[in-house]
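Everything on this sheet refers to the single structure shown next.
The values are calculated or read from the model by the stated rules, or taken from the named source; none is laboratory data. Values in this document were obtained by computation on a predicted structure and should not be read as measured data. Here the Cβ is made from the backbone with ideal geometry for all residues, glycine too, and neighbour counts use every protein chain on show.
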Amino acid sequence: MKLLSTLMFAALLAGCASGPPAVTAPERALFTDAAFRKPADLITPEQVFELSPEMKAYAGKLRSSLAGKSKHQALYEALYQRDQLRLEYDSETTRTAAEAFAARAGNCMSLVIMTAAFAQELGLEVQFQRITSEDTWSRAGSLYFSSGHVNLVLSKPNPVSERTYDTMRSIVIDFLPPPDAELMPTEIISQRTVVAMYMNNRAAETLVQGKLDDAYWWARAAIEYEPNFLMGYNTLSTVYQRHGDIKMAESTLRFAHQHEPLNTVILFNLSEVTNALGKKDESARYKAELERLEPYPPFYFFHIGQKAMAAGDYQKARSMFVREVQRAPYYHEFHFWLAKASFELGNLKEADKHMALALMNSTTRGDSAIYAGKLANLRLYETRARLRPGEI
């Protein structure tokens, strides 16, 4: 049985506008510590934003070289100008502030954490905000991940009690902003929530690696630190399912569903777990509710396209991959499969275009290397086809 899991790179999944009260204490009955070995390198919440000596030295360098610039402007330039920090995007692992600075790389969450740590060291006010638009999806094997988007506002301390942010004294830092991000509604989230997101990311990343002990303790830490971060319970349930504790997976999902009944990720997982336990009628009810809320779930057209590819129906496959690209224009795997379908149809120009887009939108060094190799091979094939038409 495959369960849908969530990886929150930079946001919470949207829940109900109103509903059950917030969870204020972790549901400890859902923890089974004795079943999982605690890793020695599990960090504390305080270490997520902790500055390394090198970071403190860099902050001092920024202070001493302001030359009439504000602190938030100086930090902005350090982040975005290529002759300074030279940051690279890499979604392989979610890093702490110190780890991201040492690597000069990270995913959105890592870079947000690092930036906030610098800003706080410089005496700036930091506001984390989630863009409340539709979340994007990715996958790793049989695990599917939902990621939203968080940015941050850096401001000089406000001398008045009213917390206002104007363009003269504040600046928005946004790594890989979605199109028209400035027009999208946002909601303020706390630093505790950001720490819980970091821990949930680490849980999902170690889950993909098959490190169930580590994944359990990371998910547990997210819940312990921010009990109202309900996607931590969803991740914990996936750990239990992979560990063979299907009843604990069910109990954990029921708790999350009770507090966020319209969350489609939790609904999907609950429908799968209840079906595996033989509760067919209950599973069917969840699936009916899920279909009502989300008629075309993530990867719906992609899976149809893959089946069409296997059957040799490349035209149908192409049309399905086009629909996924329209829904998620920045997800590399959809472009890759559209390139493959186009190649099979003999449309080398379109295949080249989408293989290049797969490379452009890849988020790990490993994926980039794979797509770069495939694009090079495709272009070699195109060159040979032009030079020797009819022979290939």
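Some points to look at:
- When residues in region 278-289 are screened for being surrounded by fewer than 15 Cβ atoms within 10 Å (Cβ to Cβ) and not in a helix (DSSP H, G or I), 1 of them pass.
- The residues on offer are Ala103, Ala117, Ala59, and the sole one that is over 21 Å from the mean Cα position of the chain (by Cα) and assigned by TED's automatic domain parsing to the domain that holds Met199 is Ala59.
- Meets criteria (at pLDDT 80 or above, closer than 24 Å to Gln241 by Cα and under 27 Å from the mean Cα position of the chain (by Cα)) for Phe49: no
- Some residue of region 227-243 being in a helix (DSSP H, G or I), over 14 Å from Leu207 (Cβ atoms) and more than 23 Å from the chain's Cα centre (by Cα): no
- Any hit, region 128-145, residues being out of contact with any strand residue (DSSP E or B) (no Cβ under 7 Å at 6 or more places or on another chain) and closer than 22 Å to Leu87 by Cα: no
- From the list Met360, Met355, the lone residue that is surrounded by 18 or more Cβ atoms within 10 Å (Cβ to Cβ), part of a helix (DSSP H, G or I) and of a type outside the set (Phe, Trp, Tyr) is Met355.
- Take the conditions (1) crowded, with 22+ Cβ neighbours inside 10 Å; (2) closer than 29 Å to Val112 by Cα; (3) over 19 Å from the mean Cα position of the chain (by Cα); (4) assigned by TED's automatic domain parsing to the domain that holds Arg95; Leu212 misses just one of them, which is (1).
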